[in-house]
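For reference, the structure discussed in these notes is given below.
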Amino acid sequence: MADSNRLIIFDTTLRDGEQSPGASMTKEEKIRIARQLERLKVDIIEAGFAASSQGDFESIKAIAGIVKDSVVCSLSRANDRDISRAAEALAPAQRKRIHTFIATSPLHMEKKLRMSPDQVYEQARQAVRFARQFTDDVEFSPEDGSRSDMDFLCRVLEAVITEGATTINFADTVGYGVPELYGQMLRTLRERIPNSDKAVWSVHCHNDLGMAVANSLAGVMIGGARQVECTINGLGERAGNTALEEIIMAVRTRKDHFGLEVGIDTTQIVPTSKLVSQITGFAVQPNKAVVGANAFAHASGIHQDGILKARDTYEIMRAEDVGWSANKIVLGKLSGRNAFKQRLDELGIKLDSEAEVNAAFSRFKELADRKSEIFDEDIMALVSDEQQSHDKEHYQFVSLAQRSETGEKPHAKVIFSIAGSEVSCEGDGNGPVDAIVNAIETQTQSGAELLLFSVNAITTGTQSQGEVTMRLSKSGRIVNGVGADLDIVVASAKAYLSALNKLHSKTEKLNPQM
């Protein structure tokens, strides 16, 4: 059983967070995030849903073999095939958890599962019993729990605890909960279920009504939950999940109210936020709590005056406590390979071979020749680019020439490779990016629809690299492509090809909501 004063942090960025349309990650990207989550000291990393695809299975297995300090978890539906697949993927883990679920609300049972309550009850019991053959750490979630019948919930949850479930996760799958009601519902469950003290109770909330964090905290304070399921930046499908950074800093800042301890290294919050944003292409809004660019900015003269006199007049947290610091120049054009490699280690970036380190260092030197000041964010971006280029992707950027002038239609010539063979193409457009996309399409003929085009400066100043995100849709699939370069037109071409690579991938994923 968990310490009653300790709040367990269960991070599901790599599973539920990845279900955001376009947020799917490669195996290498998932490993980078998992390593950073371990540096953040989260208690449990839900690495994916092993039965959903071979790619997810391989990612979970790789993470299970790398992560040592956190529990590694895989989601599974309540059936033997999913659970066996999860167990196989988790085999290398020092500490492992199987997380199984089935819907319990009348709506889901009737319309989605087409099962009777008795059938759901029996399947839940059997799933937990089967999962216990592979690990003593089994979590069970009643999907759409907040819209389920209380009597039926009590019946199911008492049974799965009897079968050996060690964590019960009360899921507000569709963000329907209201803090007081959600917290009280969880409290009622714990009071009515005779063996409720045999399991740790958890909360998993979605943000459809903007109350995921509030509901989670109500589940902790009113309902007695001692595990919170959350994601970095609140990433997740629809309106997202409970934001890890907000939960952590609420509990830490208002310890007088919550009276709980967390094991998180809060100085890693901002670096983790930036890494997830950079990999997924989901930018963090400037006014986002804790990790937004304006979270510790003060424009009002009255506020500025107060801060100068006494910092705590307008700041309830210290920026440095969550990992904010002034952009530090870490390296320059005269820096050597050892200094570069050491900085990679400090940033938590692990490259698999000396050849990859050398390739990344070569790209760094090229960037340093064009940009006088190199920041941590620059290094993260170039390593991401380097890893993409080593992934044997179907499309790879080579070079481009672009012409744009007032009164003339922009024109672009792009050279890129398709399955290793270089092609050259040209196109016109209403702007330079449109011209690039039109040129690439003459060769790829993807027919994809562009849903989003956004540009963000990686650091400050006119020399900053531009990071471009393009979101494409085709045949029901939505993917994000990200590219970075000092020239945002080049970054746009890289982003478009990156998105096309994801569309080209045949990996299909199942997306169970929870």
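What follows draws every value from the coordinates through simple rules; no lab data is involved. As the structure is a computational prediction, the values presented were derived from the model and not from experiment. Reconstructed Cβ throughout: ideal geometry from the backbone, glycine too, with neighbour counts over all protein chains shown.
Here are a few things to note about the model shown:
- Recomputing percent of Cα pairs over 44 Å apart from the coordinates shown identifies the correct label among [x] 19; [y] 31; [z] 10 as [x].
- Under the convention that each Lys and Arg Cβ holds +1 and each Asp and Glu Cβ holds -1, the size of the dipole of segment 166-231 around its Cα centre is about 240 debye.
- For ASP197 and GLU58, the FRET efficiency from 1/(1 + (r/R0)^6), where r spans their Cβ atoms and R0 equals 41 Å, is about 0.60.
- The convex hull defined by the C-alpha atoms of segment 8-280 has an orientation-averaged projected area of 12.6 nm².
- Judged by the mean number of other Cβ atoms found within 10 Å, the most tightly packed of the peptides 428-434, 459-465 leads the ranking 428-434, 459-465.
- The magnitude of the dipole of the chain, with charges of +1 and -1 set on the Cβ of Lys/Arg and Asp/Glu and taken from the Cα centre, is near 480 debye.
- Axis angle, to the nearest 10 degrees, between helix 179-192 and the longest C-alpha principal axis of the chain: 40 degrees.
- Of the peptides 373-382, 19-28, the ranking by mean beta-carbon count within 10 Å, highest at the top, reads 373-382, 19-28.
- Across the options PHE364, ILE374, SER84, the greatest Cα extent toward the positive end of the charge dipole of the chain (unit charges at beta carbon of Lys, Arg, Asp, Glu) belongs to SER84.
- Estimated inter-spin distance, ARG370 and GLU449, nm [label 7 Å along Cα→Cβ]: 3.4
- Sorting TYR182, TYR176 from the fewest to the most surrounding beta carbons within 10 angstrom yields TYR176, TYR182.
- Summed over qualifying helices (DSSP H, 4 residues or more, each -39500 (n - 2.57)) and divided by its residue number, the chain shows a 222 nm mean residue ellipticity of -12000 deg cm²/dmol.
- The local environment of ASN169, defined by Cβ-Cβ distances under 10 Å, has a net charge of -3 under the rule Lys, Arg +1 and Asp, Glu -1.
- Per-residue packing, averaged as other Cβ atoms within 10 Å, sorts the ranges 495-503, 466-474 into the order 495-503, 466-474, beginning with the highest.
- Inter-part distance where segment 1-66 and segment 114-167 are each reduced to a Cα centre, Å: 23
- For the chain, the longest principal axis of the C-alpha atoms and the axis of helix 432-444 are separated by about 80°.
- Residue order, fewest to most surrounding Cβ atoms within 10 angstrom, among TRP201, TRP324: TRP324, TRP201
- Label zone at LEU107, where the point sits 7 Å out along the Cα-to-Cβ direction: segment 129-156 residues whose backbone N lies under 18 Å: 142-153
- In terms of surrounding Cβ atoms within a 10 Å radius of their Cβ, LEU400, LEU344 rank from fewest to most as LEU344, LEU400.
- Net charge, THR442 excluded, C-beta distance under 14 Å - Lys, Arg +1, Asp, Glu -1: -3
- Extended-chain gain in nm, criterion 0.36 nm per residue less alpha-carbon gap, ARG403 and ARG337: 20.1 nm
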